[in-house]
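Asker: What follows is a structure written as C-alpha coordinates; I'll ask about it next.
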Amino acid sequence: MKKQLLLVCSLFCFALPSYAQPTPVEKHGSLSTDGPRLVNKNNQPVSLAGPSLFWSNNGWEGESFYNAGVVTTVAKDWKASVIRAAMGVDHSGSFIESPENNRLKVESVVDAAIENGIYVIIDWHSHHAEDVEVQAIEFFTSMATKYGHLPNVIYEIYNEPLQKTDWHKTIKPYAKNVIDAIRKIDPDNLIIIGTQTWSQDVDKAAKSPLSGYDNILYSLHFYAGTHKQSLRDRAQQAIDSGLPIFISEWGSVNADGDGMVDLEESMRWLIFAKQNGLSQVSWSISNKVEGASMIKPGASTWGGWSKDDLTPNGIFIREVLRAWED
Ligand code: MG
(Lines give C-alpha, C1' and ligand atoms only; values in the text may rest on other atoms or scores of the structure.)
Protein backbone atom coordinates (compact mmCIF):
# COMPACT_ATOMS: atom_id res chain seq x y z
CA MET A 1 0.00 0.00 0.00
CA LYS A 2 2.71 2.37 1.00
CA LYS A 3 4.65 1.46 -2.09
CA GLN A 4 1.60 2.11 -4.29
CA LEU A 5 1.07 5.51 -2.74
CA LEU A 6 4.68 6.34 -3.34
CA LEU A 7 4.34 5.29 -6.98
CA VAL A 8 1.19 7.38 -7.46
CA CYS A 9 2.86 10.34 -5.86
CA SER A 10 6.05 9.98 -7.88
CA LEU A 11 3.97 9.99 -11.06
CA PHE A 12 1.49 12.63 -10.04
CA CYS A 13 3.08 14.98 -7.54
CA PHE A 14 6.26 15.51 -9.54
CA ALA A 15 4.60 15.48 -12.94
CA LEU A 16 2.08 18.14 -11.91
CA PRO A 17 4.26 21.25 -12.31
CA SER A 18 5.11 20.32 -15.90
CA TYR A 19 1.42 20.52 -16.82
CA ALA A 20 1.20 24.13 -15.70
CA GLN A 21 1.73 26.66 -18.48
CA PRO A 22 5.12 28.31 -18.08
CA THR A 23 4.99 32.06 -17.51
CA PRO A 24 6.45 34.28 -20.26
CA VAL A 25 9.61 34.81 -18.21
CA GLU A 26 9.95 31.08 -17.47
CA LYS A 27 9.61 30.43 -21.20
CA HIS A 28 11.89 33.17 -22.53
CA GLY A 29 14.25 34.12 -19.68
CA SER A 30 16.81 36.85 -20.32
CA LEU A 31 16.14 38.79 -23.51
CA SER A 32 18.73 40.25 -25.82
CA THR A 33 19.07 41.71 -29.30
CA ASP A 34 20.55 39.89 -32.27
CA GLY A 35 20.83 42.41 -35.09
CA PRO A 36 17.34 43.93 -35.43
CA ARG A 37 15.68 40.98 -33.69
CA LEU A 38 14.65 40.59 -30.07
CA VAL A 39 15.54 37.07 -28.95
CA ASN A 40 15.03 34.92 -25.88
CA LYS A 41 17.42 32.85 -23.78
CA ASN A 42 17.57 30.21 -26.57
CA ASN A 43 18.26 32.83 -29.24
CA GLN A 44 14.72 32.37 -30.62
CA PRO A 45 12.79 35.47 -31.78
CA VAL A 46 10.30 36.77 -29.25
CA SER A 47 7.56 39.37 -29.57
CA LEU A 48 6.19 40.72 -26.31
CA ALA A 49 2.73 42.26 -26.07
CA GLY A 50 0.88 44.03 -23.30
CA PRO A 51 -0.69 47.27 -22.10
CA SER A 52 0.91 50.42 -20.79
CA LEU A 53 -0.28 52.06 -17.62
CA PHE A 54 -1.15 55.77 -17.81
CA TRP A 55 1.11 58.50 -16.36
CA SER A 56 1.73 57.70 -12.67
CA ASN A 57 1.47 61.36 -11.57
CA ASN A 58 -0.22 62.00 -8.21
CA GLY A 59 -3.84 63.00 -8.68
CA TRP A 60 -4.00 61.93 -12.34
CA GLU A 61 -6.36 59.30 -13.74
CA GLY A 62 -3.73 56.57 -13.97
CA GLU A 63 -2.17 56.38 -10.52
CA SER A 64 -4.70 54.14 -8.79
CA PHE A 65 -4.06 51.40 -11.39
CA TYR A 66 -0.47 50.92 -10.20
CA ASN A 67 -1.16 47.82 -8.15
CA ALA A 68 -0.79 44.03 -8.08
CA GLY A 69 -4.48 43.39 -8.87
CA VAL A 70 -4.17 45.13 -12.24
CA VAL A 71 -0.88 43.39 -13.09
CA THR A 72 -2.30 39.97 -12.20
CA THR A 73 -5.41 40.58 -14.32
CA VAL A 74 -3.47 41.61 -17.42
CA ALA A 75 -1.06 38.68 -16.96
CA LYS A 76 -3.66 35.98 -16.31
CA ASP A 77 -6.80 37.14 -18.11
CA TRP A 78 -5.44 39.39 -20.88
CA LYS A 79 -2.45 37.01 -21.38
CA ALA A 80 -0.05 39.97 -21.54
CA SER A 81 3.65 39.08 -21.51
CA VAL A 82 4.69 42.61 -20.59
CA ILE A 83 3.31 45.67 -18.80
CA ARG A 84 4.69 49.20 -18.92
CA ALA A 85 4.91 51.42 -15.85
CA ALA A 86 4.82 54.95 -17.29
CA MET A 87 6.35 56.89 -14.44
CA GLY A 88 5.36 60.51 -14.90
CA VAL A 89 8.36 62.82 -14.94
CA ASP A 90 6.71 65.94 -16.39
CA HIS A 91 3.87 68.09 -15.03
CA SER A 92 2.23 68.26 -11.59
CA GLY A 93 2.48 65.31 -9.23
CA SER A 94 5.37 63.79 -11.17
CA PHE A 95 8.48 61.98 -9.96
CA ILE A 96 10.39 65.29 -9.98
CA GLU A 97 7.88 66.80 -7.54
CA SER A 98 7.18 63.67 -5.53
CA PRO A 99 9.89 61.04 -6.10
CA GLU A 100 9.19 58.56 -3.31
CA ASN A 101 5.50 58.33 -3.99
CA ASN A 102 5.96 57.73 -7.73
CA ARG A 103 8.81 55.30 -7.15
CA LEU A 104 6.61 53.23 -4.83
CA LYS A 105 3.87 53.05 -7.44
CA VAL A 106 6.34 51.84 -10.06
CA GLU A 107 7.89 49.33 -7.67
CA SER A 108 4.49 47.87 -6.83
CA VAL A 109 3.99 47.16 -10.55
CA VAL A 110 7.51 45.78 -11.00
CA ASP A 111 7.17 43.51 -7.97
CA ALA A 112 3.79 42.21 -9.21
CA ALA A 113 5.19 41.60 -12.72
CA ILE A 114 8.00 39.53 -11.19
CA GLU A 115 5.44 37.63 -9.11
CA ASN A 116 3.36 36.91 -12.24
CA GLY A 117 6.34 35.97 -14.43
CA ILE A 118 5.87 38.72 -17.00
CA TYR A 119 8.25 41.39 -18.30
CA VAL A 120 7.94 44.98 -17.11
CA ILE A 121 9.07 48.22 -18.69
CA ILE A 122 10.24 50.92 -16.32
CA ASP A 123 9.50 53.99 -18.42
CA TRP A 124 10.86 57.49 -17.73
CA HIS A 125 7.69 59.07 -19.05
CA SER A 126 8.93 62.46 -20.17
CA HIS A 127 9.04 64.77 -23.18
CA HIS A 128 12.01 66.67 -21.71
CA ALA A 129 14.26 64.03 -20.17
CA GLU A 130 17.46 65.90 -21.05
CA ASP A 131 16.41 68.58 -18.52
CA VAL A 132 16.38 66.05 -15.69
CA GLU A 133 19.31 63.83 -16.60
CA VAL A 134 20.76 63.86 -13.08
CA GLN A 135 17.48 62.55 -11.65
CA ALA A 136 17.21 59.97 -14.44
CA ILE A 137 20.69 58.64 -13.70
CA GLU A 138 19.93 58.45 -9.99
CA PHE A 139 16.57 56.72 -10.57
CA PHE A 140 17.80 54.14 -13.09
CA THR A 141 20.87 53.44 -10.93
CA SER A 142 18.55 52.54 -8.07
CA MET A 143 16.27 50.43 -10.33
CA ALA A 144 19.28 48.58 -11.80
CA THR A 145 20.61 47.95 -8.30
CA LYS A 146 17.30 46.59 -7.08
CA TYR A 147 16.09 44.70 -10.18
CA GLY A 148 18.96 44.41 -12.71
CA HIS A 149 19.74 40.80 -11.77
CA LEU A 150 16.23 39.70 -12.82
CA PRO A 151 15.25 38.87 -16.42
CA ASN A 152 11.88 40.67 -16.08
CA VAL A 153 13.02 44.26 -16.18
CA ILE A 154 13.34 46.48 -19.27
CA TYR A 155 14.49 50.09 -18.90
CA GLU A 156 12.91 52.76 -21.12
CA ILE A 157 14.97 55.86 -20.50
CA TYR A 158 13.11 58.49 -22.55
CA ASN A 159 9.47 58.15 -23.55
CA GLU A 160 9.03 60.74 -26.30
CA PRO A 161 11.53 63.44 -27.20
CA LEU A 162 9.83 66.35 -28.97
CA GLN A 163 10.14 67.18 -32.67
CA LYS A 164 12.63 69.96 -31.92
CA THR A 165 14.81 67.78 -29.68
CA ASP A 166 17.78 66.83 -31.84
CA TRP A 167 18.77 63.17 -32.07
CA HIS A 168 22.48 63.90 -32.40
CA LYS A 169 22.90 66.91 -30.13
CA THR A 170 20.50 66.07 -27.34
CA ILE A 171 18.98 62.58 -27.30
CA LYS A 172 22.12 60.54 -27.99
CA PRO A 173 24.29 62.28 -25.37
CA TYR A 174 21.51 61.91 -22.77
CA ALA A 175 21.02 58.24 -23.67
CA LYS A 176 24.73 57.54 -23.49
CA ASN A 177 25.01 59.01 -19.98
CA VAL A 178 21.98 57.12 -18.64
CA ILE A 179 23.01 53.85 -20.32
CA ASP A 180 26.53 54.16 -18.90
CA ALA A 181 25.04 54.51 -15.41
CA ILE A 182 22.78 51.46 -15.87
CA ARG A 183 25.53 49.35 -17.41
CA LYS A 184 27.83 49.99 -14.44
CA ILE A 185 25.40 47.87 -12.43
CA ASP A 186 23.39 45.82 -14.92
CA PRO A 187 25.44 44.61 -17.89
CA ASP A 188 22.68 43.00 -19.90
CA ASN A 189 18.97 43.89 -19.46
CA LEU A 190 17.23 45.57 -22.41
CA ILE A 191 17.28 49.36 -22.65
CA ILE A 192 14.83 51.23 -24.91
CA ILE A 193 15.64 54.72 -26.17
CA GLY A 194 13.03 57.18 -27.41
CA THR A 195 13.56 58.66 -30.84
CA GLN A 196 13.05 62.22 -32.10
CA THR A 197 9.51 63.50 -32.83
CA TRP A 198 7.49 61.60 -30.18
CA SER A 199 9.44 58.42 -31.00
CA GLN A 200 8.72 58.40 -34.71
CA ASP A 201 12.06 59.35 -36.29
CA VAL A 202 13.51 55.85 -36.20
CA ASP A 203 15.24 56.70 -39.50
CA LYS A 204 17.53 59.13 -37.66
CA ALA A 205 18.41 56.43 -35.13
CA ALA A 206 18.99 53.91 -37.95
CA LYS A 207 21.46 56.25 -39.65
CA SER A 208 23.27 56.96 -36.41
CA PRO A 209 22.63 54.37 -33.68
CA LEU A 210 24.55 54.30 -30.42
CA SER A 211 27.64 52.19 -30.73
CA GLY A 212 29.49 50.11 -28.19
CA TYR A 213 26.48 48.77 -26.26
CA ASP A 214 24.54 45.53 -26.32
CA ASN A 215 20.79 45.00 -25.94
CA ILE A 216 19.67 48.49 -26.92
CA LEU A 217 16.38 49.04 -28.76
CA TYR A 218 14.86 52.17 -30.26
CA SER A 219 11.24 53.04 -29.75
CA LEU A 220 8.61 53.50 -32.40
CA HIS A 221 5.35 55.07 -31.23
CA PHE A 222 2.22 55.50 -33.33
CA TYR A 223 -1.49 56.21 -32.99
CA ALA A 224 -3.47 54.38 -35.66
CA GLY A 225 -6.02 57.18 -36.13
CA THR A 226 -3.22 59.59 -37.09
CA HIS A 227 -0.14 57.66 -38.26
CA LYS A 228 -0.38 55.42 -41.27
CA GLN A 229 1.55 53.86 -44.16
CA SER A 230 4.24 56.55 -44.43
CA LEU A 231 5.36 55.88 -40.85
CA ARG A 232 5.31 52.13 -41.47
CA ASP A 233 7.50 52.68 -44.55
CA ARG A 234 9.95 54.69 -42.48
CA ALA A 235 10.03 52.01 -39.78
CA GLN A 236 10.44 49.22 -42.35
CA GLN A 237 13.51 50.93 -43.80
CA ALA A 238 15.02 51.30 -40.34
CA ILE A 239 14.38 47.63 -39.55
CA ASP A 240 15.79 46.54 -42.93
CA SER A 241 18.93 48.52 -42.20
CA GLY A 242 19.34 46.53 -38.96
CA LEU A 243 17.83 48.75 -36.26
CA PRO A 244 16.20 46.90 -33.33
CA ILE A 245 12.81 48.55 -32.81
CA PHE A 246 10.42 48.20 -29.88
CA ILE A 247 6.87 49.58 -30.03
CA SER A 248 6.77 50.66 -26.41
CA GLU A 249 3.59 52.72 -26.92
CA TRP A 250 0.86 52.75 -29.52
CA GLY A 251 -2.79 53.66 -29.58
CA SER A 252 -5.75 52.49 -31.61
CA VAL A 253 -7.12 56.06 -31.52
CA ASN A 254 -5.85 59.53 -32.52
CA ALA A 255 -2.43 60.87 -31.50
CA ASP A 256 -4.05 63.12 -28.85
CA GLY A 257 -5.27 59.96 -27.09
CA ASP A 258 -8.88 60.58 -27.98
CA GLY A 259 -11.31 59.56 -30.70
CA MET A 260 -12.77 56.24 -31.76
CA VAL A 261 -10.86 53.00 -32.16
CA ASP A 262 -9.54 52.88 -35.75
CA LEU A 263 -9.90 49.15 -36.17
CA GLU A 264 -8.78 48.93 -39.79
CA GLU A 265 -5.58 50.93 -39.36
CA SER A 266 -4.83 49.24 -36.01
CA MET A 267 -4.98 45.86 -37.75
CA ARG A 268 -2.58 47.10 -40.45
CA TRP A 269 -0.17 48.15 -37.71
CA LEU A 270 -0.52 44.89 -35.81
CA ILE A 271 0.15 42.87 -38.98
CA PHE A 272 3.19 45.07 -39.59
CA ALA A 273 4.42 44.40 -36.03
CA LYS A 274 3.80 40.67 -36.38
CA GLN A 275 5.52 40.40 -39.76
CA ASN A 276 8.59 42.12 -38.37
CA GLY A 277 8.57 40.27 -35.04
CA LEU A 278 8.17 43.51 -33.12
CA SER A 279 6.93 43.79 -29.56
CA GLN A 280 3.97 46.08 -28.93
CA VAL A 281 2.66 47.84 -25.85
CA SER A 282 -0.57 49.80 -26.08
CA TRP A 283 -1.88 52.90 -24.35
CA SER A 284 -3.44 52.82 -21.75
CA ILE A 285 -4.85 51.35 -18.54
CA SER A 286 -6.74 54.33 -17.21
CA ASN A 287 -10.29 55.50 -16.66
CA LYS A 288 -9.71 59.01 -18.00
CA VAL A 289 -12.59 60.00 -20.24
CA GLU A 290 -10.82 59.66 -23.61
CA GLY A 291 -10.72 57.09 -26.41
CA ALA A 292 -7.39 55.48 -25.48
CA SER A 293 -8.52 54.54 -21.95
CA MET A 294 -9.22 50.84 -21.52
CA ILE A 295 -11.25 50.94 -18.29
CA LYS A 296 -14.63 52.56 -17.80
CA PRO A 297 -15.02 55.21 -15.11
CA GLY A 298 -16.45 53.57 -11.99
CA ALA A 299 -14.95 50.13 -12.69
CA SER A 300 -12.53 48.68 -10.15
CA THR A 301 -9.01 50.09 -10.16
CA TRP A 302 -7.73 46.73 -8.82
CA GLY A 303 -8.38 44.61 -11.92
CA GLY A 304 -10.67 41.57 -12.05
CA TRP A 305 -12.70 43.27 -14.78
CA SER A 306 -15.63 41.85 -16.70
CA LYS A 307 -16.31 42.87 -20.30
CA ASP A 308 -18.77 45.50 -19.03
CA ASP A 309 -15.93 47.22 -17.19
CA LEU A 310 -13.92 47.73 -20.37
CA THR A 311 -14.19 50.50 -22.96
CA PRO A 312 -14.26 49.66 -26.70
CA ASN A 313 -10.46 50.05 -26.72
CA GLY A 314 -10.12 47.84 -23.64
CA ILE A 315 -12.22 45.10 -25.24
CA PHE A 316 -10.21 45.34 -28.48
CA ILE A 317 -6.79 45.28 -26.80
CA ARG A 318 -7.70 42.38 -24.52
CA GLU A 319 -8.68 40.36 -27.62
CA VAL A 320 -5.47 41.36 -29.42
CA LEU A 321 -3.34 40.32 -26.45
CA ARG A 322 -5.12 37.00 -25.90
CA ALA A 323 -4.52 36.14 -29.57
CA TRP A 324 -0.89 37.37 -29.69
CA GLU A 325 1.50 34.48 -29.68
CA ASP A 326 4.99 35.23 -28.57
MG1 MG B 1 20.83 42.04 -15.75
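Asker: Can we say residue 84 is charged (D, E, K, R), within 17 Å of residue 143 (Cα to Cα) and in a strand (DSSP E or B)?
Answerer: For residue 84, the condition - charged (D, E, K, R), within 17 Å of residue 143 (Cα to Cα) and in a strand (DSSP E or B) - is met.
Asker: In this structure, is residue 53 surrounded by 15 or more Cβ atoms within 10 Å (Cβ to Cβ), closer than 29 Å to residue 294 by Cα and within 16 Å of the ligand (Cβ to nearest atom)?
Answerer: Criteria not met by residue 53.
Asker: Taking the conditions exactly as written (within 16 Å of the ligand (Cβ to nearest atom) and buried (at least 21 other Cβ atoms within 10 Å of the Cβ)), does residue 190 satisfy them or not?
Answerer: Yes: the conditions hold for residue 190.
Asker: Right, something else. Counting just the residues of the range 157-167 that are without any contact (Cβ under 8 Å) to a residue 60 or more places away in the chain and away from the ligand (no atom under 16 Å from the Cβ), which one comes out nearest to residue 281 (Cα to Cα)?
Answerer: Per the stated criteria, the residue is 158.
Asker: So, one more: If we keep just the residues of the range 123-152 that are more than 16 Å from the ligand (Cβ to nearest atom), under 18 Å from residue 186 (Cβ atoms) and surrounded by 16 or more Cβ atoms within 10 Å (Cβ to Cβ), which is farthest from the chain's Cα centre (by Cα)?
Answerer: Taking the candidates together, the pick is 137.
Asker: Any idea which of 213, 218 is away from the ligand (no atom under 16 Å from the Cβ) and in contact with a helix residue (DSSP H, G or I) (Cβ under 9 Å, 6 or more places away or on another chain)?
Answerer: 218
Asker: Could you identify the single residue in 200, 196 that is in contact with a His (Cβ under 8 Å, 6 or more places away or on another chain) and away from the ligand (no atom under 16 Å from the Cβ)?
Answerer: That would be 200, the only listed residue that is in contact with a His (Cβ under 8 Å, 6 or more places away or on another chain) and away from the ligand (no atom under 16 Å from the Cβ).
Asker: Could you tell me which numbered condition residue 181 fails, if it satisfies all but one of (1) within 16 Å of the ligand (Cβ to nearest atom); (2) surrounded by 22 or more Cβ atoms within 10 Å (Cβ to Cβ)?
Answerer: Of everything listed in (1) within 16 Å of the ligand (Cβ to nearest atom); (2) surrounded by 22 or more Cβ atoms within 10 Å (Cβ to Cβ), residue 181 misses just condition (2).
Asker: Against the definition (away from the ligand (no atom under 16 Å from the Cβ), closer than 27 Å to residue 180 by Cα and either at pLDDT below 95 or of a type outside the set (A, V, I, L, M, F, W, C) (or both)), how does residue 98 come out, yes or no?
Answerer: yes
Asker: Given the options 24, 36, name the one that is touching a helix residue (DSSP H, G or I) at 6+ places or on another chain (Cβ under 6 Å) and either crowded, with 19+ Cβ neighbours inside 10 Å or under 21 Å from residue 199 (Cβ atoms) (or both).
Answerer: Within the list 24, 36, the selection yields 36.
Asker: Further, regarding this structure: In this structure, does residue 156 turn out to be surrounded by fewer than 22 Cβ atoms within 10 Å (Cβ to Cβ) and closer than 19 Å to residue 86 by Cα?
Answerer: No; evaluated as a whole, the condition is false for this residue.
Asker: How many residues are out of contact with any strand residue (DSSP E or B) (no Cβ under 8 Å at 6 or more places or on another chain) and either among the aromatic types (Phe, Trp, Tyr) or touching a residue at least 60 places away in the same chain (Cβ under 8 Å) (or both) when one looks only at the range 171-202?
Answerer: So the answer is 1.
Asker: Of all the residues that make up the range 282-320, how many are of a type outside the set (D, E, K, R), closer than 14 Å to residue 258 by Cα and assigned to a loop (DSSP other than H, G, I, E, B)?
Answerer: Total satisfying the criteria: 8.
Asker: Specify which of the listed residues (137, 121, 154, 114) is touching an Asp or Glu at 6+ places or on another chain (Cβ under 8 Å) and in contact (Cβ under 8 Å) with a residue 12 or more places away in the chain.
Answerer: Criteria check complete, one pass: 121.
Asker: Select from the range 305-320 the residues that are exposed (fewer than 14 other Cβ atoms within 10 Å of the Cβ) and under 21 Å from the mean Cα position of the chain (by Cα) and list them in ascending order.
Answerer: 319
The values are calculated or read from the model by the stated rules, or taken from the named source; none is laboratory data. Predicted model, so just to flag it, every value in this text is computed and none were measured. Every residue, glycine as well, gets a Cβ built from its backbone with ideal geometry; the counts of neighbours run over all protein chains shown.
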